[in-house]
1. Angle between the Cα long axis of helix 305-317 and the longest principal axis of the chain, 0 to 90 degrees, nearest 10?
2. For L195, what residues show an amide H to amide H distance below 5 Å, using hydrogens built from the backbone and excluding near sequence neighbours?
3. Taking 0.36 nm per intervening residue step and subtracting the Cα-Cα distance, what contour gain separates Q317 from R407 on full extension?
4. When the Karplus curve 6.51 cos²θ - 1.76 cosθ + 1.60 is applied with θ = phi - 60°, which whole-Hz ³J(HN,Hα) does each residue of the stretch 198-213 get, with x for Gly and Pro?
5. Helix 11-21 versus the longest principal axis of the chain: what angle, 0 to 90°, nearest 10, using Cα atoms?
6. Whole number please: convex hull volume per residue, Cα atoms of the stretch 112-157, in Å³.
7. For K337 and K136, what is the calculated FRET efficiency with R₀ set at 30 Å and r taken between the beta-carbons, to the nearest 0.05?
8. Compute the angle between helix 481-495 and the longest alpha-carbon principal axis of the chain, please, reported from 0 to 90 degrees and rounded to the nearest 10.
Amino acid sequence: MKLYLVGHTLRYETGNLCFLFFPGEKLQVEADRSQHGDFYAITRVKKGQRFVHVLVILGKNGKCTKGHAVFLNQALASKRETEYALGKAFLNAGEALCGIRPPWGILTGIRPVKIAEHLLQTGMQAEQATKYMTEKLLVRPEKATLCLRTAEKEARIRALSQSNSVSLYIAIPFCPTRCLYCSFISHDVEKMQKLLPDYVEKLCAELHAIGNLVRTLGLKLETIYVGGGTPTSLSVPMLTRIFDTVRASFTLEDLREYTVEAGRPDTITPEKLQVIRASGCTRLCINPQTLNASVLKTIGRSHTPEQFFQAFSVARQEGFTSINCDLIVGLPGDTAKSFHQTMDQLMSLSPEGVTVHTLAMKRSSRLVSTGLAQYAAHSAEVNQMLEMAYSQLDRAGLSPYYLYRQRNTVGNLENTGFSKPGHEGLYNVFIMDETHTVLAAGAGGVTKMRRPQGTHIERVFNFKYPYEYIARFDQVIARKEKVEEFYHGSVFQDLSGGGQPSGD
Ligand code: SF4
């Protein structure tokens, strides 16, 4: 697709607008409009004496549509006004060409909640902020409301974090089979059997090293998240070894939350849940994704809806009082009717949390590489399913507490976490918002360090693949020195009144 910028230099912003209507297209930014071919976007900004005129022309397969916008050419007319006008003109031309009105309007970033927060911080009341989002940013009223509700909840969660707060992520990147839509680095637990004992030993050694760091640096562990992959694809003795190491390496008394993402119901047994429960885990995730048996089969999850109900019931029997369930909207073969049934069945269990994801079409997934993506539900239908799920969750007393968007989701729609009061997934907000340092252990783990008094972030990467993580474990441990250096540097900077490094 060719993109022309005429009278402006907003390449990044107009590029993102192109992706709203033509996701996954390769953009070629051009100057010479005489050769625009058959698939193009011409974006023009023309400043007159009193007004600035914006024109967008979109062309595809012989069809051509136009969108206009205009604003006063005042000395204060900013880059932002130009962006908004380009967005408005783009949406009008895009709707005429593709028949789609993006529910998030001209917002293309992954954190629309940040915008809502910013508006509230400028002193706007929720009503004014909603008006701004719907009229200026062309966001649908229901999305603006969702965003503002989430912003308030996120702010309350963020306020729990103190200057020495940290969280811990433990990566167990193994799964029983690979889901069709998966783009993570997750490994078949059967094929990896030989590696598992070594992996668990190294992981425990890393946890021990992180525990020492937390103690010597005087950090306060707020949340632990054990994720993957599917942590419960490990055996009972392996899980016991890991959870015992966590207990021995960290002070858990002040911990606010300890989540274990059991994930796939077919890996959950009463014995594994007993080990998890004894570890001090406060929040369990069991993820059906859908309760439509044929859709589960299509997406390559080797479990049935019955196995999910069984796992949920065993978790309750073992005493778990905070269970979160993930769903995906837009899966191939799912319809509004079958998704409605999934919601009804799930809500009959009264989970404390439900996270509703929109299907993402990741290039590295089998969903895209096998061409099955074409069977995914379409954006209008997916949005309808989302809105229906939100109403049902609301009625059951679950409220949104975190929201983000990923690239290449169906219809550019969102992922939202809902929970009953007091059951919000705090780690989800801390990691998404980069509220404080998250120390990561295991293959693929990325430690993200945030300076206590600022926004500067530094990262330390672990090796991605388990065999590499095991073979080069000395380097994994050596890299932990960076955490110490970072915190010593922070203390020094704070004491000397130093500001943020230029990268902030
Ligand atoms: S359970 Fe999650 S990590 Fe494992 S294959 Fe499925 S999507 Fe990937």
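1. Orientation of helix 305-317: about 50 degrees from the principal axis.
2. Long-range HN contacts for L195: none found.
3. Details: separation 90, 0.36 × 90 = 32.40 nm, distance 3.88 nm.
Contour length minus Cα-Cα distance gives 28.5 nm.
4. Result, ordered by residue: 5, 4, 4, 5, 5, 4, 5, 5, 5, 4, 4, 5, 5, x, 4, 4 Hz.
5. On a 0 to 90 degree scale, this one is about 80.
6. Values: hull volume 2.7 nm³, N = 46.
Value for the stretch 112-157: 58 Å³ per residue.
7. On the way: r = 36 Å, r/R0 = 1.22.
The computed FRET efficiency comes out at 0.25.
8. 70 degrees
The values are calculated or read from the model by the stated rules, or taken from the named source; none is laboratory data. Here the structure is a predicted model, which means the values were calculated and not measured. Because the Cβ atoms are built from the backbone with ideal geometry, glycine has one as well, and the counts that use them run over all protein chains shown. Side chains included, ligands, DNA and RNA excluded: accessible areas come from the protein's heavy atoms. Shrake-Rupley method; radii C 1.70, N 1.55, O 1.52, S 1.80 Å.
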